[in-house]
Every structure is written in structure tokens, then in C-alpha cells.
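Q: Sharing a structure with you now.
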Amino acid sequence: MSSVAVRAEGLVKTFGSTRALDGVDLEIPTGTVLGLLGPNGAGKTTAVRILTTLLRPDAGRAFVAGHDVVADPQAVRRSIGLSGQYAAVDENLTGTENLYMVGRLYGLNRADAQARAKELIGRFRLTDAADRPSRTYSGGMRRRLDLAGALVAEPLVVVLDEPTTGLDPRGRMDTWEVIGELVSDGATVLLTTQYLEEADQLADEILVVDRGKVIAQGSADQLKAGVGGERLDIVVADAAHLAAARAALTAVGVGEPVVDEHQRRVSVKVEAGPKALIEALRALDRDSVGVLDVGLHRPTLDDVFLALTGHTAEEAEPAEKKRGKG
Ligand SMILES: Nc1ncnc2c1ncn2[C@@H]1O[C@H](COP(=O)(O)OP(=O)(O)OP(=O)(O)O)[C@@H](O)[C@H]1O
Ligand SMILES: [Mg+2]
């Protein structure tokens, strides 16, 4: 296979008056993870559906493992494992049976399908629940089972559409771990997410999408730097201590701190956030400054959006979707 596992050029897809994709280019080098980051309605699932041959583009071209998604969908499907936005598991089958069935659908013989199911059940930490109907699984377990299903056929490219949306923090951490393992095994991954933090954890390269267009591209660090990096906030108990807090934050921050006298809060941009936080607290403690609250603020998708587009991710939804919500 060439060194580029997935390539798309000028993808366009329109639904009625909605331009779900408005000329998207992307490229995923083999063995790397591309994160498609964007809010509701940005066009992430539409891109996923085109790349996995479930939908034809109106214009543009895309290749997966060298195969054209329109001209040679069969070959593309053989190269891809998909875990969709909503976990697709058969509720009445057990975890093992679900994976066995997928293996048989992909043409594995009984013994191989059985062996593969067992291996993946272990790898995704579902052994204890392997023989229970999957309707008894928690959301996180279902998600892991669905991810396992995407790997049954040992695909070259794994596509994960919002793999952690709807999971609790524990489920999210578990899923990140599994995806991390996948990646260290050398898989090429296309991942969509609404969380900058998630793209940060998992992706080598991030494309920020908004209304069907790629509006920014880079590593998480580059995107964060674009919005000013991390910020350290300290709220002091007594307004008389604002000057001391300001001095402490000047010493650990980048540039001038901002003082909000009314909230008794001092904020400063920082580079090594946790280290700056510890140093600032030590200094304040030495000066006997009472601290009411302290926080390290990492840029969120909203911050990135605001910096890039002048509107927040929430406002980025197409007008017609919003109207529907009243
Ligand atoms: N089958 C369809 N028919 C009509 N409109 C559609 C269809 N599929 C998607 N759209 C519209 O296209 C736009 C992009 O949708 P898409 O599902 O790709 O967004 P998304 O980024 O995956 O959003 P989410 O984070 O909510 O999953 C939205 O405005 C959506 O309403
Ligand atoms: Mg989607």
C-alpha cells in the first residue's frame, strides 16, 4: 500500500439546501490518526459515509488504500472497519456471538471467527460479560463491542465516528485506551469528534470542520497556540491580596496577567500549565495569600471556534436545524 492510506479531494455533498460538505480535502498517511473535529452538523458523518462507500459524493474524489470509493466500493469495504456514531450491536446476541457473526459475514470460517471473537473480547475487556446478551451491557461496553466489531476483519483503515459521545468519563477513558492500543499496533485511523481534548489525545493531525468546510488544520498544540494556549486563573479571598496574586502570576505566566477586581480574579496565559500552577500556589502560600479558587483553563472546541470563526461551536449549526429546535 502507498504511504497515503486515505485521500479525498474536493468532496461536495448537498442535501436539499444544506451543503453538508463544501469542498473537503484530506489525506491520512498510513499508520497515523486523523481527527475530524467539529460541532453538530459540521459534516463529519457525511464525510465518514462517503469514505466508507455508504454515500456517493456529488463532486470530488476519494481513495481508501488506493481504491476509488465510487468506482471500486467492494475493495474499499474490504480495507475498512467502521464503528458508526451509534453503536450497531445485535441486542439479543451475546458479545461473543456479535463478533462471531461479524467474522462470518466477513468470510472467516467457523473456527477462525470463533478465535477472533475470543481474542477481541479479551482485548476489549469484555471477558466477564462475553456470554451475556449485549442488551445488558452499559453504554461503554456496547461502544467497546462495536469498536471490536470494526476490527474483526483486521482492516487497514479504521473509521470511528464519535467513538466516545454519550459515554461517561470512565467509558471515555477506557475507549481512549483501546484506540491508543490500536494506533500503537499501526492502524490508520480516521476519527471524528466534538472534543478538542479527544482529538488532542488520539490524533496526529486535526482538521477542524465547520459547515462542510475545513477551517483549520494542525496538531492540537498548533490549534491551541492559535487560541492562546492554556490560562491559569486564581481567585483570592481578599481584594487586598490582588497585587500579590498579580505578582505571583506575572512570575509564572506568559505576558501580563489580567486582573478582574470585582471577581477578585487574576488570570494569565501559561505554557507549562501544571508546573505554573504549583509554582504560583507555592508563592501565594509563602505570602499568606488566601486562595478561594484556582483553575487551569485549557482551550476547548468552543475557544478554537471563537478564535477561528468569531462564533462558538453551538452557533455553528445551520439555521434550519436551529429553527427546528424552536
Ligand atoms: N440524509 C440527510 N438528509 C438531509 N440532510 C442531511 C442528511 N445527512 C446529513 N444532513 C445534513 O447535513 C449536515 C451535516 O450533517 P452530518 O451528519 O454530516 O454532521 P455531523 O458533523 O456528523 O454532526 P453530528 O456531530 O451531530 O453527528 C447537517 O446539516 C445535516 O442536517
Ligand atoms: Mg455525525
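The values are calculated or read from the model by the stated rules, or taken from the named source; none is laboratory data. Note that the structure is predicted; figures quoted are calculated from it, not measured. All Cβ positions, even for glycine, are placed from backbone atoms using ideal geometry, and neighbour counts span all protein chains on display. With ligands, DNA and RNA removed, areas are computed over all heavy atoms of the protein, side chains included. Shrake-Rupley method; radii C 1.70, N 1.55, O 1.52, S 1.80 Å.
Q: Would the range 167-176 turn up any residue that is among the hydrophobic types (A, V, I, L, M, F, W, C), closer than 28 Å to Asp302 by Cβ, in contact with a Gly (Cβ under 9 Å, 6 or more places away or on another chain) and assigned to a helix (DSSP H, G or I)?
A: Scanning the range 167-176, I find no residue that is among the hydrophobic types (A, V, I, L, M, F, W, C), closer than 28 Å to Asp302 by Cβ, in contact with a Gly (Cβ under 9 Å, 6 or more places away or on another chain) and assigned to a helix (DSSP H, G or I), so the answer is no.
Q: Within the range 168-184, take every residue that is aliphatic (A, V, I, L, M) and crowded, with 20+ Cβ neighbours inside 10 Å and give me the one that is farthest from ligand 2 (Cβ to nearest atom).
A: Out of the qualifying residues, it is Leu182.
Q: Is it the case that the range 138-145 has a residue that's closer than 22 Å to Thr32 by Cβ and either crowded, with 22+ Cβ neighbours inside 10 Å or among the β-branched types (Val, Ile, Thr) (or both)?
A: So far as the range 138-145 goes, no, none of its residues is closer than 22 Å to Thr32 by Cβ and either crowded, with 22+ Cβ neighbours inside 10 Å or among the β-branched types (Val, Ile, Thr) (or both).
For every residue, the table says whether it meets (1) modelled with pLDDT of 95 or more; (2) within 11 Å of ligand 1 (Cβ to nearest atom).
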{"site": "Val12", "(1), (2)": "yes, no"}
{"site": "Arg19", "(1), (2)": "yes, yes"}
{"site": "Asn40", "(1), (2)": "no, yes"}
{"site": "Val64", "(1), (2)": "yes, no"}
{"site": "Gly84", "(1), (2)": "no, yes"}
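Q: Then there is this: Name the residue that is farthest from ligand 1 (Cβ to nearest atom), counting only residues in the range 149-166 that are in contact with a strand residue (DSSP E or B) (Cβ under 9 Å, 6 or more places away or on another chain) and either open to solvent by 10 Å² or more (accessible area, probe 1.4 Å) or assigned to a helix (DSSP H, G or I) (or both).
A: Glu154
Q: Say whether the condition of being within 14 Å of ligand 2 (Cβ to nearest atom), aliphatic (A, V, I, L, M) and in the same structural domain as Thr53 (by TED's automatic domain parsing) is met by at least one residue in the range 196-211.
A: The answer is yes, given that some residue of the range 196-211 is within 14 Å of ligand 2 (Cβ to nearest atom), aliphatic (A, V, I, L, M) and in the same structural domain as Thr53 (by TED's automatic domain parsing).
Q: Counting only residues that are of a type outside the set (Val, Ile, Thr), surrounded by 19 or more Cβ atoms within 10 Å (Cβ to Cβ) and modelled with pLDDT of 95 or more, how many does the range 86-102 have?
A: Residues in the range 86-102 being of a type outside the set (Val, Ile, Thr), surrounded by 19 or more Cβ atoms within 10 Å (Cβ to Cβ) and modelled with pLDDT of 95 or more: 4 in total.
Q: Just checking, how many residues over the range 21-44 are open to solvent by 30 Å² or more (accessible area, probe 1.4 Å), within 14 Å of ligand 2 (Cβ to nearest atom) and either within 17 Å of Asp200 (Cβ to Cβ) or touching a Phe, Trp or Tyr at 6+ places or on another chain (Cβ under 6 Å) (or both)?
A: 0
Q: I'd like the full set of residues that are more than 21 Å from the chain's Cα centre (by Cα) and aliphatic (A, V, I, L, M), limited to the range 12-53.
A: Val12 - this is the single residue of the range 12-53 that is more than 21 Å from the chain's Cα centre (by Cα) and aliphatic (A, V, I, L, M).
Q: In the range 107-146, how many residues are among the charged types (D, E, K, R), more than 13 Å from Thr175 (Cα to Cα) and not in a loop (DSSP other than H, G, I, E, B)?
A: Residues in the range 107-146 being among the charged types (D, E, K, R), more than 13 Å from Thr175 (Cα to Cα) and not in a loop (DSSP other than H, G, I, E, B): 7 in total.
Q: So Asp200 fits all but one of (1) closer than 30 Å to Ser138 by Cα; (2) open to solvent by 60 Å² or more (accessible area, probe 1.4 Å); what number is the exception?
A: Just one mismatch for Asp200, condition (2).
Q: Would you mention how many residues in the range 135-176 are under 14 Å from the mean Cα position of the chain (by Cα) and of a type in the set (Lys, Arg)?
A: Going through the range 135-176 one residue at a time, the tally reaches 1.
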